[in-house]
Structure formats: structure tokens, C-alpha cells
Amino acid sequence: MSHLLEERPTAPATDATWWRQAVVYQVYPRSFADSDGDGIGDLPGITAHVPHLRRLGVDAVWLSPFYPSALADGGYDVDDHRAVDPRIGTLAQFDDLVTALHAAGIRLVVDIVPNHSSDRHRWFQAALAAGPGSPERERYVFRRGLGADGERPPSDWTSVFGGPAWEPVGDGDWYLHLFAPEQPDWNWDHPDVRADHLETLRFWADRGVDGFRIDVANALTKHLTATLPSAEELRAADLPDGAHPYFDRDEVHEVYAAWREVFDSYDPPRTAVAEAWVPAHRRARYASPLGLGQAFNFDLLLARFDAATYRTVVEENLRFARDAESSSTWVLSNHDVVRHASRFALPPGTDEKAWLLSDGHDPEPDVAGGLRRARAATAFVLALPGSAYLYQGEELGLPEVSDLPRADLQDPTWLRSGGTEKGRDGCRVPLPWSADGPSHGFGPGGSHLPQPSWFADVAADRQDGIPGSTLEFYRTALAVRRRLQTVEELSWVEGTPEGAVQFTRPGGWTCLTNFGPDPVPLPAGRVVLCSGELGSDLVPADTTVWLEDEPGRPSA
Ligand code: GLC
């Protein structure tokens, strides 16, 4: 296996299509690296680790929210979209980060959270102060409650995090929050809201940001009739596409058409990727070049580790992306889901929420098998046409921290579900950079979520330079991908043994994944990457191998 690390050429700044096959690394800033010892990751911490990102070989960083926030939802409750949380840094430090990333040939994507602000946003505070019927309240979704004094909510809708979606403000008005009560939904019919977001996009684009990740891109616009349907009526109604009162309405694309004008006013155009949990056939509109340009496909977050499933997901998504004139995205982990090394350690069909509630003991995970499958899945994904989104810590093979003490949980899901769902903190524990030292090298102080003692074994410094470590495996994979990546095409190799999936990419790159259980023959070619041990001419179960054609001896 080659551990070759290639010098990366800096991507030309005028390249308007860099995103199509980029490897984008998600940084959850409060948990990445802490420079000042307050236990919360910060911008100088990220800047200090740019060499890690460069050595890893990523094309771009996506920064989850770093804006001022009370952290009611891990920073997705934004007080001010054009500022930096003082605990995380300053605008000058943001500029330093942009400079350091760009100098390393890495682009920067920031998170935009347009469905809601935080309840501390100046416009929401103004709306509360101004009272019912005021123009200030029109920027959000306020409604009179039902009953003589507005004492009952306008509807029985529940929020995504559980509990009611309407919050009373004490004067007969209620406001809509599809997420936490600290996240009031904007009224996207209001021109101020539209204009303010355009200003936010320009603000960050002017500071050198290359692209945007759009949070809950399928919400924003709403159609709330005088009498609202009940939650049950909404569930039971067989609504045609685009007819839901608050998700995936067609009008939302008018918003993105206006954003596209802003993106395209820059050279190179700024990019965007939609987080839109919509049925696959509705994804294309978000990914359209007239809209955001790309949309996440989360199918692999939900897929079992299985040959037929993976192949189907790839076939469908390549087709959807082509139809949308976009490129596909591939995601195995992010800050909202159980890390894939742990998902693959559980028997298929395990209820992950129940597993977390058992502190990761029921069932006991197959940790080694989980990592083996995670690495195989990662290598499979990195060989596909399109862009791959990696989540911080997956390059260390981190599993979920499934036994966080309940008293330490921060995710609103935990409280709002009445303690029946532990939520997403287990994938947000600050990273272990070193086996020793305070907070395993996360920073000179503590860490805002407790790190388990086994973090020492998986710390970055324990893996650095160690052949076969997950960190070296990722570095090799990204370097080889950079060398072999060409046009966005793939050909399936038919007739592979049961349980295996094999495809080739133009230029002589073959990828074979053995989803198990039996070993399968190694195809012809020179092995340039293997996700596990390759002892003989057989590819063991749960293993991906990449091969390069040898001159005169085409593989497959
Ligand atoms: C997105 C984010 C998630 C957040 C939610 C509300 O789904 O990924 O972390 O809680 O939006 O903003």
C-alpha cells in the first residue's frame, strides 16, 4: 500500500467548478481545537491546525456556526449572522483563518442558518418589545393564540426537537419555532428578512468565503392559512409536492434564485450546498444551477452496509445529480448523526436512539468491525464521482461517545424529549489531538463536553506516521484520489462475486468493496489503497481496495 503524500497544487482561484468533486471537511468549531483554555474551540485553534487539514488533503473546510449564540442548539441559534461569538474569536481572527486556509489551497464554506434566528436576535427582541400587531412582529411568524385571550397555541404542531412548535409570549401572541423555542422562525414573506440575508451572504463573500452550507434549506417560506390544519390532519393528508405549510414549498426557490444572483456576482462564483431533507425527486430544485447549485444526499446516513443498497444509492444519486446539472454529494457522518464507525458497529436495524439511551451497551458494539466497515465505506465513497463531505474526527476513526453523563448533555433534544432521546452530543465531543496533556490536546484547559479516557488511544499523535492507522489511511486515500480523480463518470463492473461491488473511473482507477461475508478475489491492477489488511490475492470481508491499471495490463 502506498503512503505517498503528494505536494498539492494550489487550486486556481478562478476555478468556478472546484466544488464539484471536492473533499469538504466539516469543522464543528466549538469542538475542534481550543487556543485559550476556556474549553470551547475557537478560530485561532482552527488556524493552528490548518497544517493538519493540508496534510490530510482536503479541498475545503465547512465551518459550522461560529456566530454569537446562547448555544441553545449548538450555535444554530444565531444572535447576529454577521459577527463572531467572542468565545470563538474575532472578525480579525476569522480573516486570519481565511488567509491561512487559502494559503494552504483550502477553500472555506460557512454555515448560513436562514430558517430562524435566535431569540436574542435584535429583531426578535424588538418584536417582543413592540407588542401584538406591530410591524416588528411581522418579521417573524407571530399568531394570535386560540381562545378568548389567545391562551391556546394556534395549532398542535410539534417542533423537530419535540414539544410544541408554538411558544406564547404572554400577550396572547405565539411565535412559531420549528426547532427549539430559542429559534424563532423568520417570516420569509417580509422584505427585511430577504434583504438582511442577502447582506449576510455578501458580508461573508466579501471576506473571502468561497461557499455556503444552507441549514434546513427546505424550510424558510411558509403558507399558514387562517385555520391551521392539525398535526394529525397534516400527517394524514396526502399532500401534493410543495403543498406542505412549512416544508419544501415551491416558493423557497425564489429565495435561492435571488441568492444565486449574489453568488454569481463574485468571481469565481460563490457556491452553496443545501441541507434539505426532502424526497430524492425534490432534491434537484435545490441543487439546480439556478438555485443553490448542490444539495446534500443523506442516503448513506440511513443505508445499511450492504452491497445492493450502496449500489442503488449511488446509481440513483448520480442520476439525480445529472438531472439537476449538479454533482452528487456523499456523506457518512456529520454533527447531527451517530458517527459511522459506531453505526457500523451495531447490528443492522438497531434503534440508535435506544442504543444511546443504554449508554452504548445494548447491544454491545463490535468496535473493531465498526471501524473496519467505516473505513471500507469511506474508501468506497471517496472513489465516487462528486464531492465527499467528511466530519471532523472521522479521520481518526472516532466512534460515538455513547456514554456521556446525562448531566453534561447540551443538545436541546435531550430536554425537549423529556429525557427519552440523548441527542447529538456524542459526535460533538472535542477532538483528541494528543494522547497526553490537558483535554487530549484539544486545548490548554478542559473541554466543554467530557472526553472519555480511551481518547488517548485514538489521538491524532498516536496515529501520525503509523502505517495502517486510520489517519494515515485517510491521508493516503485523499492523496491518491487527488491524483486519480478525473471526469465525473463511473462504470460498474458486472459479475463480481456476491457481496462485492466494483466500479471503474476513467483513467484506470478501479474500486472494489467487499461488503462480506466471504473473501473475494483481488482484481487485476496495482493496489494503491486498501481500507484494511490485504494478506493475499483475496479481499477480505468489510474491505475496500483501490487499484490502478498497470501499463499494458488493464484491470477489471
Ligand atoms: C440543521 C443542523 C442542526 C440544527 C438544525 C436547526 O439540521 O444541521 O444541527 O439543529 O438544522 O438549525
Amide H proximity to Ser288 below 5 Å, modelled H, separation 5+ or other chain, gives Gly293
Given backbone amide H placed at 1.01 Å from N, residues whose amide H is under 5 Å from that of Leu538, ignoring those fewer than 5 places away on the same chain, are Leu522
Here the relative contact order (percent) of the chain, from C-alpha pairs under 8 Å and at least 6 apart, is 14 percent
Result for region 129-263: accessible area per residue, probe 1.4 angstrom, in square angstrom, of 42 Å²
Whole-percent carbon and sulfur contribution to the accessible surface of region 255-388 (1.4 Å, no ligands, DNA or RNA) stands at 54 percent
Taking only protein heavy atoms and a 1.4 Å probe, the highest-to-lowest accessible-area order of Trp454, Trp18 is Trp454, Trp18
Under the 7 Å Cα-to-Cβ spin-label approximation, Ala48 and Asp149 lie apart by a distance in nanometres of 5.5 nm
Everything considered on the Cα gyration tensor (a ≥ b ≥ c; rounded for a/c under 1.5, else prolate if a/b is larger than b/c, else oblate), region 455-500 must be described as oblate
With Rg from the Cα atoms and Rh as the Kirkwood inverse mean 1/r over Cα pairs, the chain has an Rg/Rh of 0.97
Here, Asp250 and Ala103, labelled 7 Å along Cα→Cβ, have an inter-label distance in nm of 5.1 nm
Two pseudo-spin positions, 7 Å from Cα along C-beta at Asp436 and at Ser134, lie apart in nanometres by 5.9 nm
Residue by residue through region 106-119, the couplings from Karplus 6.51 cos²θ - 1.76 cosθ + 1.60 with θ = phi - 60°, in Hz, x for Gly and Pro, are 10, 8, 10, 10, 10, 7, 10, 10, x, 6, 8, 10, 8, 6
Note: Arg311 to Thr17 extended length (0.36 nm per residue) minus current alpha-carbon separation gives 103.2 nm
Per the rule of 0.36 nm per residue minus the C-alpha distance, extending Leu224 to Ala126 adds in nm 33.0 nm
Here the convex hull volume per residue of region 24-79, taken over Cα atoms and given in Å³, is 75 Å³
Site Val493, offset 7 angstrom along Cα→Cβ, radius 15 Å on amide nitrogen, limited to region 371-385, gives 380, 383-384
Row for region 274-344, column shape: gyration tensor on C-alpha, a ≥ b ≥ c, rounded if a/c < 1.5 i.e. under 1.5, prolate if a/b over b/c, else oblate; value oblate
1/(1 + (r/R0)^6) with r = Cβ-Cβ of Asp96 and Asp518, R0 = 45 Å, i.e. FRET efficiency to nearest 0.05, evaluates to 0.30
In region 453-516 the accessible area split gives carbon plus sulfur, as whole percent at 1.4 Å, a share of 50 percent
The FRET efficiency for Arg82 and Glu233, from their Cβ-Cβ distance with R0 = 45 Å and rounded to 0.05, is 0.70
Extension length gain for Arg322 and Ser265 (0.36 nm per residue less Cα distance), in nm, is 18.0 nm
Amide H proximity to Thr158 below 5 Å, modelled H, separation 5+ or other chain, gives Ala165
For the chain, the longest principal axis of the Cα atoms and the Cα long axis of helix 91-103 enclose an angle in degrees, to the nearest 10, of 20 degrees
In deg cm²/dmol, rounded to the nearest 500, the helical mean residue ellipticity at 222 nm of the chain, built from -39500 (n - 2.57) for every DSSP H run of length 4 or more, is -7500 deg cm²/dmol
Nearest 10, in degrees from 0 to 90: the angle of helix 367-382 to the longest Cα principal axis of the chain is 90 degrees
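The values are calculated or read from the model by the stated rules, or taken from the named source; none is laboratory data. Values in this document were obtained by computation on a predicted structure and should not be read as measured data. With ideal geometry, Cβ positions are generated from the backbone for all residues, glycine too; neighbour counts draw on all protein chains shown. Heavy atoms of the whole protein, side chains included, go into the accessibility calculation; ligands, DNA and RNA do not. Shrake-Rupley method; radii C 1.70, N 1.55, O 1.52, S 1.80 Å.
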